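The values are calculated or read from the model by the stated rules, or taken from the named source; none is laboratory data. Given the structure is predicted, the values throughout are model-derived calculations rather than measurements. Positions of Cβ are backbone-derived with ideal geometry, glycine not excepted, and every protein chain shown enters the neighbour counts.
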Amino acid sequence: MRANTIWAIGYYYGWGSIKRGIPYTLMTLLMPLSLLFIFGLISGSGLAGAVGGGDLISYAILGGFISIVAGNALSTMSDASFWRLQLRIQDLLVATSMTEVEYMLGLGLSNIIFSLPGLAIYVVIAYSFHIFTVLSFVITLAILVAMAIATTALAFILSSIPSHMRNVWGMSGVLSLALTLVPPIFYPYTLLPKPLLYLFMLSPATPAAMLVQGLAGLQPLYLPAFYVLVAETLAMLWLAKRFTKWRQD
């Protein structure tokens, strides 16, 4: 696996998208910032105490980190499908020595780079609210990277399914809502009954959120979520290598 190949794709598509698509960069912040605003309005109400113990803003901040990274990682599905179906770039890359894993990780890195402006805003917000210690912040970054890899691999697998771009947009939108909004990202994971929580843990964002909430002291630190996240990351990478349609028929 060649790091320079991964970096070339990541830098070109990630940094290039930031420079050429500032409005789109801002659009990725709309949902998490909107939820942060709403949670801020109701943080002093009785509902805030019933749902989050008065820490709704903290959940919204932590959820913003996860939502931005996971949402951009899921956009790999649209990017890979667009390159394959519309631009036909994948057909050119197949003829080179590049592997599907290098291509996937390059696209994943591009979306991590694309997430940096949003993450920078949330770092400032988290610092203002004293969400992290230095150690918990470093561990949170590692969790976000693992989640991004697992989510990118899942999106890459699904990108080889659609035969037309009109089907991709709908699938990508539904997948984004199902994996980044419904799971306990913006609310305490302890609110869910165990069977439903275990179901939601199929999304890499769920164990990541459970760990981050524990590191921030908002909920008990559920260590099995770490093993789930690692297992999902390795499994998604293997599935992407095994089942992604790299060469076209």
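Key figures
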item: Residue pairs meeting the criteria (Cβ under 8 Å; at least 6 apart or on separate chains; first closer than 15 Å to ALA73 by Cβ and surrounded by 15 or more Cβ atoms within 10 Å (Cβ to Cβ), in the range 8-29; second of a type in the set (D, E, K, R) and modelled with pLDDT of 80 or more); result: ILE9/GLU102; TYR13/ASP79
item: Answer residue from the range 110-135, given it is under 30 Å from SER81 (Cβ atoms) and touching a Ser or Thr at 6+ places or on another chain (Cβ under 9 Å) and is surrounded by the fewest Cβ atoms within 10 Å (Cβ to Cβ) among those; result: PRO117
item: Index of the failed condition, PRO204 passing every other in (1) exposed (fewer than 13 other Cβ atoms within 10 Å of the Cβ); (2) in contact with an Asp or Glu (Cβ under 9 Å, 6 or more places away or on another chain); result: (1)
item: Residue among MET210, MET201, MET147 that is farther than 27 Å from LEU116 by Cβ and under 19 Å from the mean Cα position of the chain (by Cα); result: MET201
item: Among residues of the range 150-163, those that are touching a helix residue (DSSP H, G or I) at 6+ places or on another chain (Cβ under 7 Å) and either surrounded by fewer than 23 Cβ atoms within 10 Å (Cβ to Cβ) or not aliphatic (A, V, I, L, M) (or both), counted; result: 7
item: Among residues of the range 80-97, those that are surrounded by fewer than 19 Cβ atoms within 10 Å (Cβ to Cβ), in contact (Cβ under 8 Å) with a residue 60 or more places away in the chain and either in a helix (DSSP H, G or I) or not polar (S, T, N, Q) (or both), counted; result: 4
item: First in the range 61-79 and of a type in the set (Asp, Glu) and assigned to a helix (DSSP H, G or I), second anywhere and at pLDDT below 90 and surrounded by fewer than 24 Cβ atoms within 10 Å (Cβ to Cβ), Cβ under 8 Å, 6 or more apart; result: ASP79/TYR13
item: In the range 217-249, residue modelled with the lowest pLDDT [restricted to those that are small (Gly, Ala, Ser) and touching a helix residue (DSSP H, G or I) at 6+ places or on another chain (Cβ under 6 Å)]; result: ALA240
